[in-house]
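Q: Structure below; questions to follow.
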Amino acid sequence: MLQSSFLMLWYSKLRGVRHMNYIFPKLKKNSSNTVTEQEKLHDLINELYEHEQLDREDYLYVLNNMTEEDSSYLFSRAFEKKEFYYGNKVYLRGLIEISNYCKMGCKYCGINYKVDTVERYRLTKDEIIHCCEEGYHLGYRTFVLQGGEDSFYTDDYLVEMLHSLKLKHKDIRITLSLGERSKESYQKLYDAGADRYLLRHETASRRLYNHLHPSFMSFDNRRVCLNNLKEIGYQVGGGMMIGSPTQTNEDLVEDLLYLKELNPHMVGVGPYLCHSDTELRGNDSGTLLESLVMVALVRLILPKALLPSTTALGTLSAIGREKALKAGANVMMPNISPSENRIKYEIYQNKICTTDTSGQCRNCIEGRIIAFDHEIDLGVGDYVGFERKNRHD
Ligand code: SAH
């Protein structure tokens, strides 16, 4: 007894982790389930496959009992579900990181306003349009404009840019990911031609949200923004980080329940990656396996969702993004930002693809997708059955 608690202490010291409430404890300890536990787990995965939801206790059972061995069953069911709606197609989106100025204080993020080790930059609308042109020639038909919350980008400035982009190309989609704005602002941007908006809810646990953000940021406002975006008619993306400091399995269950309720068109799921210049320095990062399990569960809960295989997964492991395709993801977002700025958009460290040109990223990603038995799809890649609301609907 004494020996086993000593071993536990040694193990947790070794990993530098929280004592109680390990997320996915069995994955971390690499133990296996009894036959009965395994049967129950597989039954729940099958139930999720059939009914697309579970209740709170069952989600918790799935997370508490998920082992590496059993995760392959989950991944295969999630893959089947993805194949049903999307086949083996992977939609490509050209990602432009437009600015790393940010007035927000997300404690995990390497470009929050407090971080003074990062060199700040922002792209002008002409530079953004130029990146989109280059991306268009590489075959992309969706452009994702992501950035910190930078007041430089007023509604008028963005509206003008959106008009120019949409005037030039009728066959493109524009996704914005510029954080929390007013409903009026979201409406103006939608009317000017923005199609989709990514705003991860980050965590559906109020406790965890408050732990990861300063008091001037609001858990409720993030949700209000997501509801507003949906009401306006955007294809909306929520999502969360996996393995953030103090996150428990109960918190992850909240994410699954919230996602079902929100019913977004896109869900970004990626590991938390610790950045040493933030106030959360010194914490463990999330793991690949935990993140893949969450991708697969989201695929089963929201079968038609557009699920990106995130760059953060590729940062954790050389084939992290490919593994996500096998666990239900169906979107990839190659970087088309100007090469000289990529390293500066350091939301986490050791980000991949920061030295490649846009053309190199395009080739690299295509090769990876093909090597893992998928095909690229260069269409606009809307959510299955989605129809855009017109201004006066
Ligand atoms: N300002 C925009 C875009 C933020 S960056 C917004 O508020 O939505 C996009 C996403 O990167 C964030 O939503 C967050 O989930 C993720 N991110 C930020 N820092 C991270 C980190 N250290 N590790 C992993 N993901 C991180």
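Computed from the coordinates by the stated procedures, all read-outs in this text should not be read as laboratory data. Bear in mind the structure is a predicted one, so any value in this text is a computation, not a measurement. Methodologically, a virtual Cβ is constructed for each residue, glycine included, from the backbone with ideal geometry; neighbour enumeration extends over all protein chains shown.
Q: Once each part is reduced to its C-alpha centroid, what is the distance from the range 315-393 to the range 77-121 in angstrom?
A: Each part reduced to its Cα centre gives a spacing of 10 Å.
Q: Would you mind checking the pairs Lys40/Lys323; Lys183/Lys389; Lys260/Lys323; Lys125/Lys230 and listing those with alpha carbons more than 22 angstrom apart?
A: In this structure, Lys40/Lys323; Lys260/Lys323; Lys125/Lys230 lie more than 22 Å apart at Cα.
Q: Okay, next question. Cut-off is 10 Å between beta-carbons; in what order do Met294, Met266, Met217 appear when sorted fewest neighbours first?
A: Met217, Met266, Met294
Q: Among DSSP beta bridges whose residues both lie in the chain, state the antiparallel percentage, nearest 5.
A: Just about 5 percent of them are antiparallel.
Q: Note the full-extension length gain between Asp277 and Glu47 as 0.36 nm times their separation in residues minus their Cα-Cα distance, in nm to one decimal.
A: Difference between extended and current length: 78.5 nm.
Q: Moving on. Mind checking the full-extension length gain between Asp191 and Glu83? Use 0.36 nm per residue of separation minus the Cα-Cα distance, one decimal, nm.
A: Roughly 35.5 nm would be gained on extension.
Q: Now for a different question. Which loop chymotrypsin sites (Phe, Trp or Tyr not before Pro) in the range 86-188, with loop taken from DSSP, have no more than 10 other Cβ atoms within 10 angstrom of their Cβ?
A: When the chymotrypsin sites (Phe, Trp or Tyr not before Pro) of the range 86-188 are filtered for loop state and at most 10 Cβ neighbours within 10 Å, nothing remains.
Q: Let me have the relative contact order for the chain, percent, based on Cα pairs under 8 Å that are six or more residues apart.
A: Result for the chain is 22 percent.
Q: Put a dot 7 Å past each Cα toward the Cβ at Asp220 and Asp373; how far apart are the dots in nm?
A: About 4.9 nm, to one decimal.
Q: Angle, helix 2-15 long axis vs. longest principal axis of the chain, Cα atoms, 0 to 90°, nearest 10?
A: 20 degrees
Q: Let me ask something else. With a 4.7 Å Cβ cut-off, tell me which Cys residues in the chain come up empty for a partner.
A: Lacking a cysteine Cβ partner under 4.7 Å: Cys102, Cys131, Cys132, Cys225, Cys274, Cys353, Cys361, Cys364.
Q: OK, next. Among the aspartates and glutamates, which fall within straight-line cross-link reach of Lys168, defined as a Cα-Cα distance under 18 Å, with same-chain neighbours fewer than 8 residues apart omitted?
A: Within reach: Asp126, Glu127, Glu133, Glu134, Glu160, Asp191, Asp195.
Q: Hand me the GluC sites (Glu not before Pro) from the range 78-138 located in a DSSP loop with no more than 10 other Cβ atoms within 10 Å, in residue order please.
A: Glu119
Q: Further question on the same structure: Where nothing but the Cβ of Lys and Arg (+1) and of Asp and Glu (-1) is charged, how large is the charge dipole of the range 86-377 around its Cα centre, in debye to the nearest 20?
A: I would put it at about 420 debye.
Q: If amide H atoms are built 1.01 Å from N in the plane of the peptide, which residues on other chains or at least 5 residues away come under 5 Å of the amide H of Met266?
A: Sorted by chain and number, the residues that satisfy this are Val236, Gly237, Gly238, Leu306.
Q: Once the principal axes of the Cα atoms of the chain are found, what is the range along each, listed largest first in whole angstroms?
A: Computed over the chain, the largest-to-smallest principal extents equal 69, 46, 39 Å.
Q: Any chance you could give the angle, 0 to 90 degrees and rounded to 10, that helix 155-168 forms with the longest Cα principal axis of the chain?
A: Computed tilt is about 80 degrees.
Q: Given the options Tyr91, Phe372, Tyr348, identify the residue whose Cα lies farthest towards the positive end of the charge dipole of the chain (+1 on Cβ of Lys, Arg; -1 on Cβ of Asp, Glu).
A: Of Tyr91, Phe372, Tyr348, it is Tyr348.
Q: Let me know the charge dipole size of the range 183-266 about its Cα centre in debye, to the nearest 20, where only the beta-carbon of Lys, Arg (+1) and Asp, Glu (-1) is charged.
A: With Lys and Arg at +1 and Asp and Glu at -1, about 100 debye.
Q: If I fit a long axis through the Cα atoms of helix 35-51 and take the longest principal axis of the Cα atoms of the chain, what angle between them do I get, 0 to 90°, rounded to 10?
A: 30 degrees
Q: Shifting gears a bit: Eigenvalues of the Cα gyration tensor times 5, then square-rooted: what semi-axes does that give for the range 118-253, in whole angstrom, largest first?
A: Equivalent ellipsoid of the range 118-253: 29, 16, 15 Å, largest first.
Q: Picking from Val267, Pro214, Gly135, whose Cα lies most toward the positive end of the charge dipole for the range 86-377 (charges on Cβ: Lys, Arg +1; Asp, Glu -1)?
A: Final value for the positive-end residue is Val267.
Q: What is the fewest-to-most order of Thr34, Thr203 by other Cβ atoms lying within 10 Å of their Cβ?
A: Least to most surrounded, the residues fall as Thr34, Thr203.
Q: Then there's this: What ranking of His213, His163 emerges when the number of other C-beta atoms within 10 Å of each C-beta is taken as an exposure proxy, fewest first?
A: His163, His213
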